[in-house]
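Student: The structure is given below, and queries will be raised subsequently.
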Amino acid sequence: MAFALRKGVGRTGWLLIIYGAISILFGLSALLWPGTTVIALAWAFGVMSLAEGIVSVFALFNREVAISRGWLVLYALASIVFGLLAIWHPLAVVSVLLIFLAVWLIVAGIYRIVFAIRVRKEIEGEWMIALSGVLAILLGGLFIAYPGAGLLTIAVWIGVAALVYGVLQLAAGIRLHKVKAVL
């Protein structure tokens, strides 16, 4: 039993170290080349969407599909169209998605402010909810006013998140190797 556990822990440790290293490299590249990162992410989503659409087309020929053929056709077409657009015009697709994000942030910010006003007598610290609403509105407005900067900001956020994730995976992998040595 101890041998199987040691072997499994060791394998998992190496996987975490590999995932961590890849994530750290991705995070660094996102921070060094945020514009290229945004284009690459849009392209990757396009490839995944195109693949999903093609798989859905093949699913149309399966008699035991859990969803109606009409929905499956709609989903396949939407996936293929989005995939092709993201591959051929990644910057345009990312810009449109950024506008959607900006509008959502503004609506969410207004909602938070209204919510904070309505619950101000029932809870303490409602000003923090209102402040988060104001910040969401400001961020949404900045994304609309400066879409290029917004795209680069998102790439930087993704890079920082990938770095943190990679460091955590690396640390977990190293710890598992230490546990393997004890077992």
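Student: Looking only at the stretch 56-80, which residues are outside any helix (DSSP H, G or I), aliphatic (A, V, I, L, M) and free of Cβ contacts under 8 Å to residues at least 12 places away in the same chain?
Tutor: If we filter the stretch 56-80 for residues that are outside any helix (DSSP H, G or I), which is where we start, we get 60-68.
Those left that are additionally aliphatic (A, V, I, L, M): 60, 65-67.
If the condition is that a residue be outside any helix (DSSP H, G or I), aliphatic (A, V, I, L, M) and free of Cβ contacts under 8 Å to residues at least 12 places away in the same chain, then Val65, Ala66, Ile67 are the ones that fit.
Student: Can you work out which of the residues in the stretch 76-112 that are of a type in the set (Phe, Trp, Tyr) and closer than 18 Å to Leu139 by Cβ is surrounded by the fewest Cβ atoms within 10 Å (Cβ to Cβ)? Please lay out each step first, then the result.
Tutor: So in the stretch 76-112, the residues of a type in the set (Phe, Trp, Tyr) come out as 82, 88, 100, 104, 111.
Next, only the ones that are closer than 18 Å to Leu139 by Cβ stay: 100, 104, 111.
Values: Phe100: 10, Trp104: 13, Tyr111: 13.
Only one residue fits best here, namely Phe100.
Student: Can you confirm whether the stretch 154-169 contains a residue that is over 28 Å from Ile22 (Cα atoms) and touching a helix residue (DSSP H, G or I) at 6+ places or on another chain (Cβ under 6 Å)? It would help to see each step written out before you state the result.
Tutor: Residues of the stretch 154-169 over 28 Å from Ile22 (Cα atoms): none.
Among the residues of the stretch 154-169, not one is over 28 Å from Ile22 (Cα atoms) and touching a helix residue (DSSP H, G or I) at 6+ places or on another chain (Cβ under 6 Å), which makes the answer no.
Student: Please name all residue pairs, on different chains or six or more residues apart, with Cβ atoms under 7 Å, provided the first residue is in the stretch 43-55 and is more than 10 Å from Ala76 (Cα to Cα) and in contact (Cβ under 8 Å) with a residue 60 or more places away in the chain and the second residue is small (Gly, Ala, Ser) and in a helix (DSSP H, G or I).
Tutor: As it stands, the answer is none, since no pair meets every condition given.
Student: Sticking with this structure for a sec: Kindly provide the set of residues from the stretch 113-155 that are touching an Asp or Glu at 6+ places or on another chain (Cβ under 7 Å) and either under 26 Å from Gly27 (Cβ atoms) or surrounded by fewer than 18 Cβ atoms within 10 Å (Cβ to Cβ) (or both), ordered by number. Step through it out loud before you land on a result.
Tutor: The first filter runs over the stretch 113-155 and keeps only residues touching an Asp or Glu at 6+ places or on another chain (Cβ under 7 Å), leaving 116, 119-120.
Within the stretch 113-155, Val119, Arg120 qualify.
Student: Out of Ile113, Ile123, I need the residue that is modelled with pLDDT under 90 and of a type in the set (Val, Ile, Thr). Which one? Even if it seems obvious, please write down each step before you answer.
Tutor: Numbers: Ile113 fails: modelled with pLDDT under 90.
Sole residue among the options that is modelled with pLDDT under 90 and of a type in the set (Val, Ile, Thr): Ile123.
The values are calculated or read from the model by the stated rules, or taken from the named source; none is laboratory data. All values derive from a computational prediction rather than experimental measurement. Ideal geometry is used to build each Cβ from the backbone, glycine not excepted, and the neighbour counts take in all protein chains shown.
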